[in-house]
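What follows is a set of notes on a single structure, which appears directly below.
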Amino acid sequence: MTRGEGQEPNLPQDPEVPEVSPEVEQANKYFEIHLEAETWSQAKPEQKAGALKTAKQEITSLPIHISPANEDRIQDAIYEQALFRLRVNTKRELLQAQGVTSANIAYGPQEQYGDLMFGVPLAPRAKLLLTGCYALGVIR
């Protein structure tokens with residue numbers, strides 16, 4: 001067979017279109033019918049990849065029991081945590097995740113903090129998804 005017969009030519013990839021990782025593709029599918037779909041879709045692929053990597057590190061550092069029964073919930077928690085990291089500029093949700101239990105400005109700015117869950121500020125939806133996934137003997 002000579003060149004060009006039945007073969008696609010190797011065209012260089014457009015430098016304007018970044019390659020999307022399989023992890024980002026899976027997350028894109030998750031967020032297709034999500035309340036925060038617009039927030040996710042507006043992020044650049046490299047921002048999504050970074051948020052997913054950070055979220056995975058944070059979630060897998062928790063004392064969770066990884067089993068076939070928990071895998072989908074843990075993966076969804078990673079997606080929610082990644083979205084949370086992209087939305088870090090939403091002050092109220094960030095403060096809640098950091099453990100702020102009350103704030104007062106009557107006598108100057110004051111905040112009271114509760115304990116962070118295992119030292120990681122978790123997205124509220126990620127925290128909810130991980131309920132029941134913690135290893136035995138772990139106190140929440």
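The values are calculated or read from the model by the stated rules, or taken from the named source; none is laboratory data. This is a predicted model, so every value here is computed, not measured. Neighbour counts are summed over all protein chains in view; Cβ atoms, including those assigned to glycine, are modelled from backbone coordinates with ideal geometry.
Listed values, structure above:
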item	result
Boolean, Leu122 is modelled with pLDDT of 90 or more and closer than 25 Å to Glu32 by Cβ	no
Among residues of region 38-48, those that are surrounded by fewer than 16 Cβ atoms within 10 Å (Cβ to Cβ) and either within 13 Å of the chain's Cα centre (by Cα) or assigned to a loop (DSSP other than H, G, I, E, B) (or both), counted	3
Residue within region 36-51 that is touching a Leu at 6+ places or on another chain (Cβ under 8 Å), modelled with pLDDT under 90, of a type in the set (A, V, I, L, M, F, W, C) and within 20 Å of Val120 (Cβ to Cβ) present	no
Matching residues in region 52-81 - criterion: being closer than 15 Å to Val120 by Cα, surrounded by fewer than 18 Cβ atoms within 10 Å (Cβ to Cβ) and touching a residue at least 40 places away in the same chain (Cβ under 8 Å)	Ser61, Pro63
Residue in region 4-14 that is modelled with pLDDT under 70, under 18 Å from the mean Cα position of the chain (by Cα) and of a type outside the set (Val, Ile, Thr) present	no
